[in-house]
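**Student:** Supplied in structure tokens, the structure appears directly below.
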Amino acid sequence: MGEMDQMTRNYLLLASFFCLFYTFPLLISDGYYIDDLGRSIHGFAHWTANGRPAADMIMILLNAGMPLTDTSPLPQLMAVMVFIVVGRHVGKTFFDGNTLLSALAALSLIASPYLLENLSYRFDALTMSLSIALAIFSATLQTRYAAAIEISFKTALLILVLSLYQASINIYLAFTVILLVHQARENLAPKVIFSTLLKSLAALALGVLIYSKLIVRKTISGSYSIEHSEATFDIHTLFANFTAYNAQALGLFKNAGFLYLFALYLALIVILVGIIAVRYLKNNGAGIATLAIAGAILASPPLLLLSTSGVLLFLKMPVLSPRVLVGFVSVIFFILYGVASLFAKRYRSAAPLLVLPLFMLLTSLAYSYSAALQKQRDLETYLARRISEDLYTLKYDVKRDKVIITGKAPYAVVTAHSIEKFPILEALIQRNLIRWIWSYTALEHNVFLQGTKMPPQQDFNLALAGVTQENQVLDRDMYSINEVGIYKVISLKENR
């Protein structure tokens, strides 16, 4: 028992160092990310309307009731702790509890480039991370209880996963595949592998059914949530979604470092799954069951890549944002698992060294992202303050006048430079001062502009139709202002 306790302490120290070092710039960053702009000054929760009632419950509990207040970096710190905890479970499942590999597993789960957006939210980071962790735990859970009990437990966990963040269901699917590969590598009998797979699929079907019938119907409301939750099986829509998500995911590989590294790891993984499939057939014979398992093993790399978007492909109007591509977590982990498995018997110490370049590059990206995001926040905070001062000078009356914002805020110089190196940052760093609701919320952070709201489309049409050179009242370096009747038209000057 004492030895186990020491192993746990060693794991916690190492995993905490890895994960906290990776997330450090996010934890100390200052500023609000998209929805945070509204929640920080209005205190609403509103996740239930998105089909995420468990997120409401957890954040209301963490905030000791409503309204919500900014408690950062507490949610982000707790999110890091969640990944450290689930990393221990994953390490025991796939790496026999090896301290270094288990700590690297925790890092692999948090170090996905497409998780940077999720971790940037001051209010959402914890609930999204909990959803991811529970999806992994549910997929890899194996008990000695009767199948009905295990399925029931998995189902309950999956309902909670969906009630926290629906996109995490892709991670459940991916880790179901990874567990199948692992069981075959351990040479478990076909009936054991099929039993595990059937229980996982049964739990998935029950969880989705119960969630859709009992939770979605009673919670989802509002045009945004309804539009983005409707399912479709139209082949043209599926292909369009696949193309759109692929274009976004491939943004990572516009950086040559990621392109070459992932090509290397993909080659190693193809070799690994080939070895596992051949060995499994050799050890268990070429029957129908073993051939099916071997086929699933060989198909695992493309299946995991597909899990990045996964069930999102079946939505009529999916959210095209990096934050929903949490399934990429599974790809990063599978790279670690693949390399460690390939060198499990010989040159075992080579595995951490082979994945070191990947984690170094991922950490470099995370730090570049944090710095570039902070510089963009600084620029837009300064810009919003200047606009607020100009509106005050122009006698803006929040009860009478309306603000019309067009164009986009320019990128900060540091931000633009970082995007040149890591093109994926263009998708990750959202400019708040653009034509959308959060630009008006950004203005509301000025105490004298409280109540400034985004006008309806008809006001935009009327105001923009009346803009002329003659009614331009101010021309600044990053924006100009025109007065068209009750409208103050702010034209932002974007640099790309």
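The values are calculated or read from the model by the stated rules, or taken from the named source; none is laboratory data. Predicted model only: the values in this text are computed from it and were never measured. FYI the Cβ positions are ideal-geometry reconstructions off the backbone, even for glycines, and counts take in every protein chain you see. Accessible surface areas use protein heavy atoms only, side chains included; no ligands, DNA or RNA. Shrake-Rupley method; radii C 1.70, N 1.55, O 1.52, S 1.80 Å.
**Student:** Quick one: which residues, 5+ away or cross-chain, put their amide H under 5 Å from the amide H of LYS408? H built at 1.01 Å from N.
**Tutor:** Under 5 Å from the amide H of LYS408: LEU492, GLU494.
**Student:** Sketch the reach of a paramagnetic label on ILE486 as a point 7 Å from Cα along Cα-to-Cβ, and name the residues of the range 440-456 whose backbone nitrogen lies under 12 Å away.
**Tutor:** 455-456
**Student:** Figure the gain on full extension for SER223 and ARG496 (residue separation times 0.36 nm, minus the Cα-Cα span) and round it to one decimal in nm. Present the calculation step by step, with values, prior to reporting the outcome.
**Tutor:** Numbers: separation 273, 0.36 × 273 = 98.28 nm, distance 3.09 nm.
Gain on stretching SER223 to ARG496: 95.2 nm.
**Student:** Same structure, new question: Computed FRET efficiency, Cβ-Cβ of ASP397 and GLU230, R0 51 Å: what is it to the nearest 0.05?
**Tutor:** On the way: r = 41 Å, r/R0 = 0.80.
For R0 = 51 Å, the calculated efficiency reads 0.80.
**Student:** Beyond 24 Å between alpha-carbons counts as too far, so tell me which of LYS375/LYS488; LYS375/LYS493; LYS453/LYS488 fall in that bin.
**Tutor:** LYS375/LYS488
**Student:** Around LEU425, with a cut-off of 15 angstrom between Cβ atoms, what is the net charge of the other residues, counting Lys and Arg +1 and Asp and Glu -1? Write out the running numbers ahead of the final one.
**Tutor:** Values: positive: LYS254, ARG323, LYS375, ARG377, LYS421, ARG431, ARG496; negative: GLU117, GLU420, GLU426.
For residues surrounding LEU425, the net value is +4.
**Student:** Modelled label-to-label distance, HIS445 and SER321, 7 Å Cα→beta-carbon offset: nm?
**Tutor:** Rounded to a tenth, the inter-label distance reads 1.7 nm.
**Student:** If packing is taken as the mean number of other Cβ atoms within 10 Å per residue, what is the order of 7-13, 144-150, highest first? Numbers along the way, then the final one.
**Tutor:** Working: 7-13: 15.3, 144-150: 11.3.
Per-residue mean Cβ counts within 10 Å order the peptides as 7-13, 144-150.
**Student:** On the protein heavy atoms, probe 1.4 angstrom, tell me the percent of accessible surface of the chain carried by carbon and sulfur. The partial results should precede the final answer.
**Tutor:** Working: 14560 of 22110 Å².
C and S atoms contribute 66 percent here.
**Student:** Here's another thing I want to ask about it. Mind ordering 229-237, 352-360, 280-288 by average Cβ neighbours within 10 Å, highest first? Provide the component values of the computation, followed by the final result.
**Tutor:** Details: 229-237: 11.6, 352-360: 16.2, 280-288: 13.3.
Answer by packing, highest mean first, reads 352-360, 280-288, 229-237.
**Student:** Another question about this same structure. In the range 426-496, which chymotrypsin sites (Phe, Trp or Tyr not before Pro) fall in coil by DSSP and have 15 or fewer other Cβ atoms within 10 Å? Don't skip to the answer; put the middle values down first.
**Tutor:** Values: sites: TRP436, TRP438, TYR440, PHE448, PHE460, TYR479, TYR487; in loops: TRP436.
For chymotrypsin sites (Phe, Trp or Tyr not before Pro) across the range 426-496 that sit outside H, G, I, E and B with at most 15 neighbouring Cβ atoms in 10 Å, the list reads TRP436.
**Student:** Specify the angular offset, from 0 to 90 degrees and rounded to the nearest 10, of the alpha carbon long axis of helix 125-140 from the longest principal axis of the alpha carbons in the chain.
**Tutor:** That helix lies at roughly 20 degrees to the long axis.
**Student:** With a 1.4 Å probe and every protein chain left in place, work out the accessible area per residue of the chain in Å², rounded to a whole number.
**Tutor:** 45 Å²
**Student:** Okay, moving on. How high is the relative contact order of the range 425-496, in percent, counting Cα pairs under 8 Å that sit 6 or more residues apart?
**Tutor:** Values: 65 pairs, mean separation 12.4, N = 72.
With pairs under 8 Å counted, the relative contact order is 17 percent.
**Student:** By how many nm would the segment from LEU264 to LYS191 lengthen if fully extended, with 0.36 nm per residue of separation less the alpha-carbon distance? Walk me through the numbers before you get to the answer.
**Tutor:** Details: separation 73, 0.36 × 73 = 26.28 nm, distance 3.40 nm.
Result for the pair: 22.9 nm of gain on full extension.
**Student:** With θ taken as phi - 60° and the coefficients 6.51, -1.76 and 1.60, list the Karplus ³J(HN,Hα) couplings across the range 17-31 in order, rounded to whole Hz; mark glycine and proline as x.
**Tutor:** Going residue by residue, I get 4, 4, 6, 6, 4, 5, 8, 3, x, 6, 5, 9, 5, 10, x Hz, with x marking Gly and Pro.
**Student:** Restricting to Cα pairs below 8 Å that are 6+ residues apart, what does the relative contact order work out to for the range 380-477? Please round to a whole percent. Walk me through the numbers before you get to the answer.
**Tutor:** On the way: 63 pairs, mean separation 31.9, N = 98.
Once divided by the residue count of the range 380-477, the mean separation gives 33 percent.
**Student:** Over all distinct alpha-carbon pairs, what is the Kirkwood Rh of the range 325-404 in angstrom?
**Tutor:** On the way: mean 1/r = 0.0582 Å⁻¹.
That comes to 17.2 Å for the range 325-404.
**Student:** Still on this structure, I have one more. So, with +1 on the Cβ of K and R and -1 on the Cβ of D and E, and no other charges, what is the size of the charge dipole of the chain about its Cα centre, to the nearest 20 debye?
**Tutor:** On the way: 39 positive and 30 negative charges, 257 e Å.
So the dipole magnitude of the chain works out to roughly 1240 debye.
**Student:** Let me ask something additional. Specify the inter-centroid distance of the range 454-473 and the range 294-324, based on alpha-carbon positions, in whole Å.
**Tutor:** 43 Å
**Student:** Let me ask something else. Given the C-alpha centroids of the range 383-409 and the range 138-170, what is the distance between them in whole angstrom?
**Tutor:** That distance is 50 Å.
**Student:** I've got another one for you. Consider the candidate values (i) 4, 15, 18, 18, 17, 11, 8, 6, 3, 0, 0; (ii) 4, 18, 30, 29, 15, 4, 0; (iii) 4, 17, 27, 25, 15, 7, 3, 1, 0; state which one is P(r) over Cα pairs in 10 Å bins from 0, in percent computed from the structure displayed.
**Tutor:** Label (iii) holds the value from this structure.
**Student:** Amide H to amide H under 5 Å from TYR479: which residues, 5+ apart in sequence or cross-chain, H placed 1.01 Å off N in plane?
**Tutor:** Long-range HN contacts for TYR479: LYS493.
**Student:** As a test of the formula, what do you get for the chain when each DSSP H run with n ≥ 4 contributes -39,500 (n - 2.57) and the sum is divided by the residue count, at 222 nm and rounded to the nearest 500 deg cm²/dmol?
**Tutor:** Details: 20 runs with 312 residues, N = 496.
Helix-only estimate at 222 nm: -21000 deg cm²/dmol.
**Student:** Label ALA148 and VAL413 with points 7 Å out from Cα along Cα→Cβ: what is the distance between them in nm?
**Tutor:** 7.1 nm
**Student:** If contacts are Cα pairs under 8 angstrom and at least 6 residues apart, what is the relative contact order of the chain in percent? Could the numbers behind the result be given before it?
**Tutor:** Working: 701 pairs, mean separation 81.0, N = 496.
Relative contact order comes out at 16 percent.
**Student:** Relative to the present Cα-Cα distance, how much length would full extension add between GLN458 and LEU27 at 0.36 nm per residue of separation? Working shown, then result.
**Tutor:** Details: separation 431, 0.36 × 431 = 155.16 nm, distance 4.12 nm.
Gain in length upon complete extension: 151.0 nm.
**Student:** Computed FRET efficiency, Cβ-Cβ of LYS282 and SER349, R0 35 Å: what is it to the nearest 0.05? Don't skip to the answer; put the middle values down first.
**Tutor:** Details: r = 28 Å, r/R0 = 0.80.
Efficiency for this residue pair is about 0.80.
**Student:** Convert each backbone phi in the range 298-314 into a coupling constant with the Karplus relation 6.51 cos²θ - 1.76 cosθ + 1.60 (shift: θ = phi - 60°), then list the ³J(HN,Hα) values in order as whole Hz, x for Gly and Pro.
**Tutor:** Calculated HN-Hα couplings, in order: 5, 7, 4, x, x, 5, 5, 5, 5, 5, 4, 9, x, 5, 5, 5, 8 Hz.
**Student:** Check the straight Cα-Cα distances from LYS154 and name the lysines below 24 Å, setting aside those fewer than 8 residues away within the same chain.
**Tutor:** Output for LYS154: LYS92, LYS191, LYS199, LYS213, LYS218.
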